[in-house]
Amino acid sequence: MSVFNVYPLYDITPVSAKDVYVYDDKGVAYLDLYGGHAVISIGHSHPKYVSAISNQIKKLGFYSNAIKNPLQTELADTLEALSGCNDYQLFLCNSGAEANENGLKLASFHNGKSKILAFKNSFHGRTSAAVSATDNPKIVAPLNAQQDVDFVALGDLESVETVLKANETCAVIIECIQGVGGLDESTTKFYQGLEALCKTYNTVLIADEVQSGFGRTGDFFAFQKHKISPDIISIAKGMGNGFPVGGILIHPSIKASFGLLGTTFGGNHLACAATHSVLEVIEAQKLMQNASSISEYFFEKANGLSKLKTIKGRGLMLGLEFDFPISELRKNLIFKHQIFTGGSKNPNLIRILPPLTVKKQHIDSFFEALEKELL
Ligand SMILES: Cc1ncc(COP(=O)(O)O)c(C=O)c1O
């Protein structure tokens with residue numbers, strides 16, 4: 001049997017990893033400034049994370065959601081304390097797309113409407129409703145295209161109101177900072193205006209924090225900078241530091257009923273142990289503060305860089321935009337300097353999404369390599 005060939009691959013085979021480094025089968029160390037798509041939050045193979053998962057699997061790895069699982073309640077309490085999202089309810093699933101799928105479905109159950117409003121350049125995952133709200137026709141199959149979605153430019157409140165006025169839209173889904181799209185973010189005035197319009201027109205506001213959440217921006221959630229309270233917040237990626245886990249935080253105004261949502265694997269014991277240890281390490285090692293201070297250092301270094309057009313993003317969710325395509329530059333960073341970075345829908349933008357444990361010395365290595373390549 002062959003593997004379904006959907007990923008263009010770099011010719012590197014990682015076999016182990018530690019903190020911000022990944023090691024290949026020849027013993028070469030790569031500096032990981034991409035975190036495997038923003039997934040590695042507390043660093044690869046963090047000892048507390050390894051022991052939390054190992055200890056849990058020795059006791060109980062999985063049992064069904066039909067039986068009590070106190071680890072879910074404990075996780076909800078810790079998540080509330082660290083995120084400051086008080087009184088939300090937690091539903092656990094297995095990935096970012098699934099989190100958004102459940103969020104959109106719940107919105108539709110809640111207000112009985114069926115259209116979605118999403119933003120140009122958005123990425124929300126590859127399941128049915130999530131992919132229909134993703135602004136990339138190449139990954140939307142005819143089956144998914146049956147969903148009724150309006151796409152509006154980020155920042156365009158007037159168009160949002162025109163759509164919501166028709167009273168057919170169950171949810172607005174938004175990445176406060178666009179990830180795959182290329183690190184664009186609008187203004188506080190826009191996000192607050194969006195929240196107000198959603199209230200006026202009885203539309204559920206879903207903040208997709210799959211990539212930007214769990215401390216990556218220096219705040220627990222990216223939307224918190226704009227002082228809004230979304231009705232639903234979707235989470236995944238950094239949440240499990242590589243363990244496949246996702247979820248939604250649901251505002252108390254949205255009520256649960258038996259059978260409304262469900263999953264076999266979501267919220268299993270191992271996933272809860274992994275996520276709980278991630279939260280503990282974020283707090284104990286002050287990783288949100290680290291994200292902010294390393295980010296400041298990154299901006300300083302980037303401002304001195306020749307040939308840079310703009311620097312985008314915040315915290316450790318960053319983009320360097322040039323006025324030329326960066327795919328060759330990224331290859332050289334990997335094969336000549338052993339540094340992983342990311343691309344985006346914007347062909348001129350390098351994405352930087354390191355583990356939140358990254359230090360100044362790693363940023364120095366990156367800029368030294370970049371300067372050499374830009375000569
Ligand atoms: C903002 C955002 N939402 C959703 C997803 C989908 O997450 P997953 O790949 O875990 O389904 C991604 C993945 O890149 C993402 O960046």
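The values are calculated or read from the model by the stated rules, or taken from the named source; none is laboratory data. Fair warning: this is a prediction, and the values are worked out from it, not measured in the lab. Neighbour counts run over all protein chains shown; Cβ positions are idealised from the backbone, glycine included.
Observations on the model:
- Cβ-Cβ distances below 7 Å connect the following pairs, each with a first residue in the range 96-110 that is farther than 15 Å from F265 by Cα and touching a residue at least 24 places away in the same chain (Cβ under 8 Å), a second residue that is surrounded by 24 or more Cβ atoms within 10 Å (Cβ to Cβ) and charged (D, E, K, R), and a separation of six or more residues or different chains: N100/D208.
- Counting the residues of the range 127-147 that are in contact with a Ser or Thr (Cβ under 8 Å, 6 or more places away or on another chain) and closer than 16 Å to I174 by Cα gives 3.
- Checked against (1) surrounded by 13 or more Cβ atoms within 10 Å (Cβ to Cβ); (2) not assigned by TED's automatic domain parsing to the domain that holds N94, A274 passes all but a single condition, namely (2).
- Contact map, the range 137-151: residues that are within 24 Å of T162 (Cα to Cα) paired with residues that are assigned to a loop (DSSP other than H, G, I, E, B), Cβ distance under 6 Å, separation 6+ or inter-chain. Pairs shown: V149/A133; F151/K120; F151/D135.
- No other residue among I42, I12 is in contact with an Asp or Glu (Cβ under 7 Å, 6 or more places away or on another chain) and not in a strand (DSSP E or B) apart from I12.
- Of all residues making up the range 237-287, the number that are farther than 24 Å from L104 by Cα, among the hydrophobic types (A, V, I, L, M, F, W, C) and away from the ligand (no atom under 16 Å from the Cβ): 7
- Among the residues making up the range 45-95, those that are within 22 Å of G242 (Cβ to Cβ), assigned to a loop (DSSP other than H, G, I, E, B) and out of contact with any Lys or Arg (no Cβ under 7 Å at 6 or more places or on another chain) are H46, L60, G61, F62, N69, N94, S95.
- Members of the range 38-71 that are over 30 Å from V20 (Cβ atoms) and out of contact with any Ser or Thr (no Cβ under 8 Å at 6 or more places or on another chain): K59, L60, F62, Y63, A66, I67, K68, N69, P70
- Criterion applied to Y34, Y23 was being touching a strand residue (DSSP E or B) at 6+ places or on another chain (Cβ under 8 Å), free of Cβ contacts under 8 Å to residues at least 60 places away in the same chain and among the aromatic types (F, W, Y), and the one residue passing it is Y23.
- Any pair with Cβ under 7 angstrom, 6 or more apart, that starts in the range 233-247 at a residue that is of a type in the set (S, T, Y) and ends at one that is more than 10 Å from the ligand (Cβ to nearest atom): S234/G103; S234/I206; S234/I248
- Qualifying residue in the range 300-321 (condition: more than 21 Å from the chain's Cα centre (by Cα), among the polar types (S, T, N, Q) and on the phi > 0 side of the Ramachandran plot): no
- Within the range 98-124, considering residues that are charged (D, E, K, R) and within 16 Å of the ligand (Cβ to nearest atom), the one farthest from N167 (Cα to Cα): E98
- Complete set of residues in the range 91-106 that are in contact with a Ser or Thr (Cβ under 8 Å, 6 or more places away or on another chain) and among the hydrophobic types (A, V, I, L, M, F, W, C): L92, C93, A97, A99
- Strands (runs of 3 or more DSSP E) enclosed by the range 125-232 - at least 1 residues per element that are away from the ligand (no atom under 12 Å from the Cβ) and not aliphatic (A, V, I, L, M): 149-152, 169-174
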